[in-house]
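Take a look at the structure set out below.
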């Protein structure tokens, strides 16, 4: 499926990112570094979009780290910071009872679960109510991208970026699940070609 021009931004760093904790759907705020990363991405978008910015729709995950990233980006673009849409389908992967813990901590009580995740990270569902795999996340988030009708800037999460790469950029799911997703770069899709900028 051909998508319109898209700029996909992972939220800036949080303290939990710095500690290696699985955030999932916990609402953890941006760190000072995360705010700096968001400003960097806003400046990049200002440079490349220039007069085109008026053509873009702005869409974010409802979690505060993504919303704050979008507000910072819009401020750098000279726009009203709060004037954008949110979509619950862009919320991060739910890590179930693993949320808030590091893999080192999880290994102490669920080493078998971590081994199962390593064996098939794309399809593995952590323990806990409402927990999701990347495959489940892809089913949830795919309609957001397929409903896009024009150029869009999205702020979301590492999981959303991974499923986007798998669904629309020909990256195999089992490879996309392991990719590092930078917080100080923008994933661009123009003319069907994905690039980190």
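The values are calculated or read from the model by the stated rules, or taken from the named source; none is laboratory data. This is a predicted model, so every value here is computed, not measured. Counting neighbours? That spans all protein chains shown, and the Cβs are built from the backbone with ideal geometry, glycine included.
For the range 40-83, name all the residues that are over 20 Å from the mean Cα position of the chain (by Cα) and under 16 Å from residue 150 (Cβ atoms).
49, 51, 52, 53, 54, 55
Tell me which residues, restricted to the range 39-57, are touching a helix residue (DSSP H, G or I) at 6+ places or on another chain (Cβ under 8 Å) and surrounded by 19 or more Cβ atoms within 10 Å (Cβ to Cβ).
Quick first cut of the range 39-57, residues touching a helix residue (DSSP H, G or I) at 6+ places or on another chain (Cβ under 8 Å) only: 39, 41-43, 45-46, 53, 56.
Answer for the range 39-57, where residues must be touching a helix residue (DSSP H, G or I) at 6+ places or on another chain (Cβ under 8 Å) and surrounded by 19 or more Cβ atoms within 10 Å (Cβ to Cβ): 41, 42, 45, 56.
Name every residue in the range 69-88 that is outside any loop (DSSP other than H, G, I, E, B), over 10 Å from residue 39 (Cα atoms) and out of contact with any strand residue (DSSP E or B) (no Cβ under 9 Å at 6 or more places or on another chain), in order of residue number. So that I can check it myself, show each step before the final result.
Initial filter on the range 69-88 (outside any loop (DSSP other than H, G, I, E, B)): 69-76, 85-86, 88.
Subset that is over 10 Å from residue 39 (Cα atoms): 85-86, 88.
The answer is 88, and nothing else.
If you go through the range 64-111, how many residues are farther than 23 Å from residue 184 by Cβ and in contact with a helix residue (DSSP H, G or I) (Cβ under 6 Å, 6 or more places away or on another chain)?
Of the residues in that region, 5 qualify.
Might you check whether a residue that is under 15 Å from the mean Cα position of the chain (by Cα) and in a strand (DSSP E or B) occurs anywhere in the range 119-141?
No, the range 119-141 contains no residue that is under 15 Å from the mean Cα position of the chain (by Cα) and in a strand (DSSP E or B).
Looking only at the range 15-31, which residues are in a strand (DSSP E or B) and under 26 Å from residue 189 (Cα atoms)?
First, pick out the residues of the range 15-31 that are in a strand (DSSP E or B): 21, 30.
Correct list: 30 only.
Filter the range 1-31 for residues that are in contact with a helix residue (DSSP H, G or I) (Cβ under 7 Å, 6 or more places away or on another chain), more than 26 Å from residue 107 (Cα to Cα) and touching a residue at least 60 places away in the same chain (Cβ under 8 Å); which is surrounded by the most Cβ atoms within 10 Å (Cβ to Cβ)?
11
For the range 32-57, name all the residues that are outside any helix (DSSP H, G or I) and either within 20 Å of residue 196 (Cβ to Cβ) or free of Cβ contacts under 8 Å to residues at least 40 places away in the same chain (or both).
From the range 32-57, those outside any helix (DSSP H, G or I) are 56-57; that's our starting set.
If the condition is that a residue be outside any helix (DSSP H, G or I) and either within 20 Å of residue 196 (Cβ to Cβ) or free of Cβ contacts under 8 Å to residues at least 40 places away in the same chain (or both), then 56 is the only one that fits.
Of 145, 164, which residue is under 18 Å from the mean Cα position of the chain (by Cα), farther than 25 Å from residue 18 by Cα and at pLDDT 95 or above? Quick ask: steps written out before the conclusion?
Details: 164 fails: farther than 25 Å from residue 18 by Cα.
Among 145, 164, only 145 is under 18 Å from the mean Cα position of the chain (by Cα), farther than 25 Å from residue 18 by Cα and at pLDDT 95 or above.
Here's the yes/no breakdown for (1) over 24 Å from residue 18 (Cα atoms); (2) crowded, with 18+ Cβ neighbours inside 10 Å:
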{"site": "67", "(1), (2)": "no, yes"}
{"site": "78", "(1), (2)": "yes, no"}
{"site": "88", "(1), (2)": "yes, no"}
{"site": "97", "(1), (2)": "no, no"}
{"site": "113", "(1), (2)": "no, yes"}
{"site": "122", "(1), (2)": "no, yes"}
{"site": "126", "(1), (2)": "no, yes"}
{"site": "139", "(1), (2)": "yes, no"}
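Go through 154, 163 for me and flag whichever is buried (at least 19 other Cβ atoms within 10 Å of the Cβ), within 18 Å of residue 11 (Cα to Cα) and free of Cβ contacts under 8 Å to residues at least 40 places away in the same chain.
Within the list 154, 163, the selection yields 163.
Looking only at the range 166-180, count how many residues are outside any loop (DSSP other than H, G, I, E, B) and crowded, with 18+ Cβ neighbours inside 10 Å.
Restricting attention to the range 166-180, the residues satisfying the condition of being outside any loop (DSSP other than H, G, I, E, B) are 166-168, 173-176.
Checking the rest, the ones that are also crowded, with 18+ Cβ neighbours inside 10 Å come to 166-168, 173, 176.
Matching residues across the range 166-180 total 5.
May I ask you to list the residues in the range 144-160 that are under 8 Å from residue 90 (Cβ atoms) and in a helix (DSSP H, G or I)? If you could, list the steps in order and put the result at the bottom.
First, the residues of the range 144-160 that are under 8 Å from residue 90 (Cβ atoms): 144, 154, 156-157, 160.
Passing the criteria: 144, 160.
Can you tell me which of (1) over 22 Å from residue 77 (Cβ atoms); (2) surrounded by 16 or more Cβ atoms within 10 Å (Cβ to Cβ) is the one residue 183 doesn't meet?
The one condition residue 183 does not meet is (1).
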